[in-house]
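**Q** Below you'll find the structure I mean.
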Amino acid sequence: MAADKLQQLLNELRQQGAVITSDLQDALAVALGKLPLVSQREFDIQAAKLQRAEEKLAQLEAQVKEMEAQLDRDAD
């Protein structure tokens, strides 16, 4: 009798665990669906664009410094 009761309790716990697991998976799927996620490919493309923009900015900054230096020389 006690073994049957224990087995019944174990079965109920397994069922409750499955329900909780399912609920957690659903909540996680909803939460992940709301995140602004991008694919690895899109991330890599954007990272490459940013790298090129940073390189161009460095070139432009160097050109501006050179122009300022030239203006200073011309002003003297």
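Read-outs throughout are calculated quantities, based only on the coordinates presented, and are distinct from any laboratory measurement. Owing to the predicted nature of the structure, the values given are computational and were not obtained by experimental measurement. A quick note on method: Cβ atoms are made from the backbone with ideal geometry, for glycine too, and the neighbour counts reach across all protein chains shown.
**Q** Could you work out the helix-only [θ] at 222 nm for the chain, with each DSSP H run of four or more residues adding -39,500 (n - 2.57) and the total divided by the number of residues, to the nearest 500 deg cm²/dmol?
**A** The helix contribution divided over the chain gives -33000 deg cm²/dmol.
**Q** Once fully extended, how much extra length lies between A62 and T21, figured as 0.36 nm per residue of separation less the alpha-carbon to alpha-carbon distance?
**A** Extra length available between A62 and T21 comes to 9.0 nm.
**Q** When Rg is the radius of gyration of the Cα atoms in the chain and Rh is its Kirkwood radius, what does Rg/Rh come to?
**A** 1.67
**Q** Give me the one-decimal nm value for the distance between modelled label points at Q51 and A31, 7 Å along each residue's Cα-to-Cβ direction.
**A** 3.3 nm
**Q** Which residue, chosen from A31, A48, A75, occupies the Cα position most advanced towards the positive end of the dipole of the chain, where the dipole is computed from +1 (Lys, Arg) and -1 (Asp, Glu) charges on Cβ about the Cα centre?
**A** A31
**Q** For F43 and A3 in the same chain, what is the full-extension length gain: residue separation times 0.36 nm, less their Cα-Cα distance, in nm?
**A** Values: separation 40, 0.36 × 40 = 14.40 nm, distance 5.68 nm.
Contour length minus the Cα-Cα distance gives 8.7 nm.
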